[in-house]
Structures are given as structure tokens and as C-alpha cells.
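The values are calculated or read from the model by the stated rules, or taken from the named source; none is laboratory data. Given the structure is predicted, the values throughout are model-derived calculations rather than measurements. Because the Cβ atoms are built from the backbone with ideal geometry, glycine has one as well, and the counts that use them run over all protein chains shown.
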Amino acid sequence: MSGSCCTFASKTMTMDIDFSILNTIEPLPDDYREKVETMNADKEIELLQKEIDSISTDKMPFDKYDYICIFATAIIEIFTDYVTCDPTKKFSLASKFNDSKNPLGEWCNKHIHEAIKHPNNPLDFQGKFDEFGNQLFGKVHTGPTISFGGSDHRQLTYGHDLLRFFHALKEYKTGEFMDGGFINIDGKSIFVEVSTKLNVKENVFSTQEHPLWGLICHLFADFWSTRSLPIPGWSNLSHSSSREIRQWAAEMYADGFNFRTELLKNLPVALGEFIIRVYCYARFRDKDQAGKVYRFNNIEYSKEAYRYKRKQMLLFSHAIALSFSVGKAVMAENPLFVNTAMILRVCQLSINLFVDEVNYNHRVFTKITLEQYKARLEQSRYIVISLENIYYTANYQRLITELKSKTDELIKLRLHNAEELMDLQTKYDSSKIANKYLMQQNNEEIRDLTKGISVVIDPDITLEELVEDSDIEPDMYELKELVDK
């Protein structure tokens, strides 16, 4: 049993008493004998409080400046999307890149395609085949055919699909064109697999550099060409068994829906991200404090609250810009106008905010649970303290009896020591008086012995001469005894 300490004080003694002494005292009759074990919960409560303080459940509110920034960013995104990503507008950046006379495309064609000079490149094969997979070399064929040629040949083959990069590398390495397709005859689909060697009849394909480097240069030049490369995975649509899907894919590619155009659609999104992030950093980050501190209206917020608000602002601005993009596509009845980069970013932010909201609710629930546990722990501590006080109060007779017995023992010890001190004092006084009387007698005898000496003693005189000249009678002291003394 651990407990408080009290102090027993008087003018002559001071003694600290620990209430744990009750555990060693035999109880008196009718005493309250049940013991209460004290729970030391202070450290646990302190750890709980630190854990509760570390859980952030705050959120940053919005003000008018935040809404102004959101709508201004959305307008900038809409304008940027209009002047860069719309291939149907001649002044747009996407339309200028799709022009066959764009400077970058002409430079790539001249310094890459023409400089490399790969005759009969398997990636640019533009042959035609019948329904049985036979190549048609200028023959007239009235039946169904499958063709890999034309200005849209890049979306018709596997070799220009970036998701089939290793298939294209194999073609580049072997010099063989390997592809296939579907031909619809009376509602039936026939799959045609073609493996044509291009080195037949002196149509030799050769490369001076490594096939991997040649393929990378070729795809880079095609990216900046008029129609650019198709979207990665586009060959799954152009080789679909459905004729409608194949026609839709061909029309979309012909209208300018390609890999370069879709990459350009990331510019409005990137610009919006840059504006919102710079605004949040400049306004909410407290640069005067050491470390990362975020303030809003002179109130400090956690890092989680800062990131949550930034994601909300990004989602609102992108969603507003995306609504205009979707509305433009619906009015023009052309899905090409939809900014796919905005769709992906809005979906990603929505999922992130949903996960953050779930985590926020979990943190709130955890904090409430810990606070309730802390309150119960403190309540239990107070109950234990109360029971301790009840125990001490009920056993005060034992404590007083024990204290009285200890005090009596101390008093008896002091009295015994005092008696011994008195005896020593008495003996000392008696000895002192006796010594004083004895010294007084000796002094009288000395005065009697020296009272006859009236002359000045010469230092050179002998003792015998001094005795002869004095009044001392020879029969009182013998000379020897006097000399010995």
C-alpha cells in the first residue's frame, strides 16, 4: 500500500510518517481491514494525452479569396484548353502540330526519317491482303480485303502502339511485318494473321544502328508527324472484331485524336495545379516559423488539414473546367473536345478526398475513444484516491496508537538519557569540588613553605646555600626530599 506522508512535529522532535505503515500494524478490534491498491495512472494518462494531441481532426475553412482563386484558375484552364487542345481550331496549338507544314514535324522528317533511310521499314508497311491472307501486289481483287496503308497507317498496325513496343522491336530486328485484322463477311469475322518477309524481291530492310535505337528514333519522329502516334492501346480498337468500333477509331484518329493531342491536354491541368499550389503555399505556409507551420486567419492548422483543403481547391477548379469541356463536346457532338487529362485528374482527386474523408472520420472516432478512455482512467484514479482516504480515515485509531507508542518510546529514551546526564553532571561537580579543595590545601602548604623566603634568589646560588640562608628548619624537610621535589 502506497500513500501520503504526514509530519508529526513538536518543539523537541520532528518525524515523517508514511501511511504505508498501516500495512505492518496489527489491526485493532472493529477496524476497517480491507486494503485498497492504488493505481499509478499518471504516466499512462500523460501518454494518452500525447497520443490524443498527435491526432489531427481540424479542417481549414474557405473564405472569399479561396473561391476567387478557384474560379480564376478554372477560367485559365478553360482558356488554355481552348487555345492548345482543340484540333478543330486553326489557331490552336494542337491544330498547328497536326499541320503537315509544322516546322518541328518537317525537321524530324528531314533529319530523322530521311537521314536514317530505312528502306521498306516494317513499321511503315502499307500492303493489302485478301480474305485468305494473301498479299495483293497490284492485283485487282473484287472480294473483301484488309489494308494497312494510307495516311492513317499508324493506327492500323501494332508496330506504332507504344503498349506493343516489344512487338515493334521484334519487327525492327527481323525486318518482318507481323500484324492481323478482322474482315466482316456476311456477319462473320475472319482473323487474318500476316507474316510477310520484306527482303523478298530485293526489298531489303537494313539498319546501320542498333534496332532499339533505330526504333526509338523512328517513333520519336512519328510523334511529331502530322497524325502523330495513336493513343497507347489504340490497336485494340483498330483491330476490334466490331466494324463499328473500327470505323469509330479510324474517324477519331483522322479528326486529330492522337497521342500528341492528348498530351497537350495536360497543359491546362498542369497550369491549374501550379496556380493552386503556389496560392496555397504563399498564403497558408507560415515562413516565419521554423519547420512546416500552416496558418489561416491567425489560427494554426495541421499538415493534414492543409493538404485536404488544397485537394479540395484543385478538385473544384478542375471540375469547373471539365464541365465546360464536356458541355463543349456535347454541343459539338464530338467527344474529341473532352479533356481526358481533366477527367483522370478529377477522378483521382475524388478518390483521394474520399479516402481522406474516411481517414478523417477514423481519426475523429479514435480521438473520441481515447478521450473517453482517459476520462474513465482519471475517474478511476479519483475513486482509488477516495477509497484510500476512506481507508486511512477508518484506520486512524491504528495510526494514532502506533504514533503514540513510538512517541512514548522516544520520550522514555530521552528521559533515560537525561537521567544518565544528571548522574554524570553530579559526579563531575563532586570531583570538581574535591579537586578545588585539594588544590586550595596545596596552595596553603606552598605559601607556608615559601613565606620565609624574603631575599632575592641569586641565580648562581646553590640549593644548599639557599636552605641555609632561609628560615626553613632542617628537621622539617630533609634536603633530599626537597631536592627530589
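To keep it simple, each residue is scored yes or no on (1) assigned by TED's automatic domain parsing to the domain that holds residue 65; (2) part of a helix (DSSP H, G or I).
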position	(1), (2)
245	no, yes
248	no, yes
253	no, yes
257	no, no
270	yes, yes
273	yes, yes
276	yes, yes
- Message: Condition first: touching an Asp or Glu at 6+ places or on another chain (Cβ under 8 Å) and either surrounded by fewer than 21 Cβ atoms within 10 Å (Cβ to Cβ) or small (Gly, Ala, Ser) (or both). Now tell me which residues in segment 232-241 satisfy that.
- Response: 232, 233, 235
- Query: Is it the case that residue 350 is part of a helix (DSSP H, G or I) and either in the same structural domain as residue 320 (by TED's automatic domain parsing) or over 58 Å from the mean Cα position of the chain (by Cα) (or both)?
  - Reply: yes
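Criterion first (surrounded by 10 or more Cβ atoms within 10 Å (Cβ to Cβ), at pLDDT 75 or above and in the same structural domain as residue 42 (by TED's automatic domain parsing)) does residue 400 satisfy it?
Numbers: surrounded by 10 or more Cβ atoms within 10 Å (Cβ to Cβ): yes; at pLDDT 75 or above: yes; in the same structural domain as residue 42 (by TED's automatic domain parsing): yes.
So residue 400 passes the test.
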- Message: Please determine whether any residue of segment 272-291 is in contact with a Pro (Cβ under 8 Å, 6 or more places away or on another chain) and farther than 26 Å from residue 350 by Cα.
- Response: no
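Which one is farthest from residue 227 (Cα to Cα) among residues in segment 242-260 that are free of Cβ contacts under 8 Å to residues at least 24 places away in the same chain and exposed (fewer than 14 other Cβ atoms within 10 Å of the Cβ)? Before the answer, list the steps.
Of all residues in segment 242-260, those free of Cβ contacts under 8 Å to residues at least 24 places away in the same chain come to 242, 244-245, 247-248, 251.
Of the ones still in play, those that are also exposed (fewer than 14 other Cβ atoms within 10 Å of the Cβ) are 242, 244, 247, 251.
Values: 242: 24, 244: 21, 247: 17, 251: 12 Å.
It comes out as 242.
Could you tell me whether segment 308-321 includes any residue that is farther than 21 Å from residue 356 by Cβ and assigned to a helix (DSSP H, G or I)? Show your work before the answer.
Just the residues of segment 308-321 that are farther than 21 Å from residue 356 by Cβ, to begin with: 321.
Filter once more, so that each one left must be assigned to a helix (DSSP H, G or I): 321.
Checked against the condition, which is being farther than 21 Å from residue 356 by Cβ and assigned to a helix (DSSP H, G or I), segment 308-321 yields at least one hit.
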- Message: Which condition from (1) outside any strand (DSSP E or B); (2) out of contact with any Pro (no Cβ under 8 Å at 6 or more places or on another chain); (3) modelled with pLDDT of 75 or more is the one that residue 179 breaks?
- Response: (1)
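Output yes when any residue across segment 356-366 is over 25 Å from residue 49 (Cα atoms) and touching a residue at least 12 places away in the same chain (Cβ under 8 Å), and no when none is.
Step one: filter segment 356-366 for residues over 25 Å from residue 49 (Cα atoms), giving none.
Looking through segment 356-366, none of the residues is over 25 Å from residue 49 (Cα atoms) and touching a residue at least 12 places away in the same chain (Cβ under 8 Å).
Report yes if residue 337 is out of contact with any Leu (no Cβ under 8 Å at 6 or more places or on another chain), aromatic (Phe, Trp, Tyr), surrounded by 19 or more Cβ atoms within 10 Å (Cβ to Cβ) and over 26 Å from residue 360 (Cβ atoms), otherwise no. Quick ask: steps written out before the conclusion?
Working: out of contact with any Leu (no Cβ under 8 Å at 6 or more places or on another chain): yes; aromatic (Phe, Trp, Tyr): yes; surrounded by 19 or more Cβ atoms within 10 Å (Cβ to Cβ): yes; over 26 Å from residue 360 (Cβ atoms): yes.
Against the criterion (out of contact with any Leu (no Cβ under 8 Å at 6 or more places or on another chain), aromatic (Phe, Trp, Tyr), surrounded by 19 or more Cβ atoms within 10 Å (Cβ to Cβ) and over 26 Å from residue 360 (Cβ atoms)), residue 337 qualifies.
Here's the yes/no breakdown for (1) at pLDDT below 90; (2) in a helix (DSSP H, G or I); (3) out of contact with any His (no Cβ under 7 Å at 6 or more places or on another chain):
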site	(1), (2), (3)
43	yes, yes, yes
57	yes, no, yes
61	no, no, yes
68	no, yes, yes
74	no, yes, yes
88	yes, no, yes
95	yes, yes, yes
104	yes, yes, yes
108	yes, yes, yes
- Breaking point among (1) more than 18 Å from residue 273 (Cα to Cα); (2) touching a Gly at 6+ places or on another chain (Cβ under 8 Å), for residue 318: (1)
